[in-house]
1. Based on the alpha-carbon set only, what is the convex hull volume of the stretch 20-64 divided per residue, in Å³?
2. Sorted by average packing, counted as other Cβ atoms within 10 angstrom per residue and highest first, what order do 43-56, 19-32, 106-119 take?
3. Tell me the net charge near Ile117. Cut-off is 15 Å between Cβ atoms, Ile117 excluded, with +1 for each Lys or Arg and -1 for each Asp or Glu.
4. Among Leu60, Thr36, Gly127, pick out the residue whose Cα is farthest towards the positive end of the charge dipole of the stretch 28-139, where Lys and Arg carry +1 and Asp and Glu carry -1 on C-beta, about the Cα centre.
5. Report, largest value first, the span of the C-alpha coordinates of the stretch 77-148 along each principal axis, in whole Å.
6. For Val61 and Leu29, what is the calculated FRET efficiency with R₀ set at 35 Å and r taken between the beta-carbons, to the nearest 0.05?
Amino acid sequence: MSLLGALTPLGKVAGVRRIWLKSTLAYTLAGALSSTLVGAALGSIGAWLQRGQQRWPVLLVIALLAFCLAAREWGWLKFPIPQRKRQTEKVWAHEFGFVGASALWGFHIGLTFATWINYGGAWALAGVCVAFADPLYGGTLMLTYWLGRTLPVWLAPMLNWSGPDSSQLTADISAVSWLYHRLAGFGLVWSGVVVAWLAFEGLSGN
C-alpha cells in the first residue's frame, strides 16, 4: 500500500481536504508514537547489552555498518538486508474508514521493521540507537527519522506530485529511485564518519 499515493489525491480535491488533513495527521501522530517506542526499546536494549562495557567498539561496528550500507546503496556491494516483506493492509480503509486506516498505516510503518525496507539507513539508525544505549536518545532519533518520512505526504498535494490516478506518482518515484539511493548513500557515509569520529574520541579518552 503506497501511503503517499493514497493520501495525496485527497489533499488535492477541495471537497475532501478536511479528510486528507485528518488522515495525514492521524498517520503522522500514530507513526510518531510507534517509531518513538521502537527507538526507546532499541536504546534500552543497548543499555542492557553494554552494562559496564566501553562504547567505542560498538560505535566502530556501527560506522563500518554504515559504510557497507552506503556501498550497497551505490551498487558497489550486493547483499540482502533483513526485512519483513509485506505492506500495510489496504482493507483497513474499508474496515475503519480512511482516517482510522491512516492511523493504523502510520503505526504499522512507524514500527520501521514491520514492512519493506527500501533503504539501508534504517538499520544504521537502529545500530546508533543501540550504541548510544539511551532510551530517550533512541526515541528522539527514530521520531526524527519518522517525521522525515512523512514530509512527502504533507508536501505532495502542494507540489502537485500526483493526479487523480496515484499510479502515476508511483511511476514518477520509481523513475528516479536511483537518485534516492545515491542520496541515501551519501547520508550513510556522513553518519559513518560522525560515528567513527565519536568512537576514536572515546578510544583516545581511555
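What follows draws every value from the coordinates through simple rules; no lab data is involved. All values reported here derive from a predicted model rather than from experimental measurement. Every residue, glycine as well, gets a Cβ built from its backbone with ideal geometry; the counts of neighbours run over all protein chains shown.
1. Working: hull volume 3.3 nm³, N = 45.
About 73 Å³ per residue, rounded to a whole number.
2. Working: 43-56: 14.5, 19-32: 20.3, 106-119: 18.8.
Highest-to-lowest ranking by the protection proxy: 19-32, 106-119, 43-56.
3. Details: positive: Arg72, Arg84, Lys85, Arg86, Arg149; negative: Glu73.
With Lys, Arg at +1 and Asp, Glu at -1, the neighbours total +4.
4. The residue sitting most towards the positive pole is Leu60.
5. In descending order, the Cα extents are 41, 33, 17 Å.
6. Working: r = 34 Å, r/R0 = 0.97.
Calculated value: 0.55.
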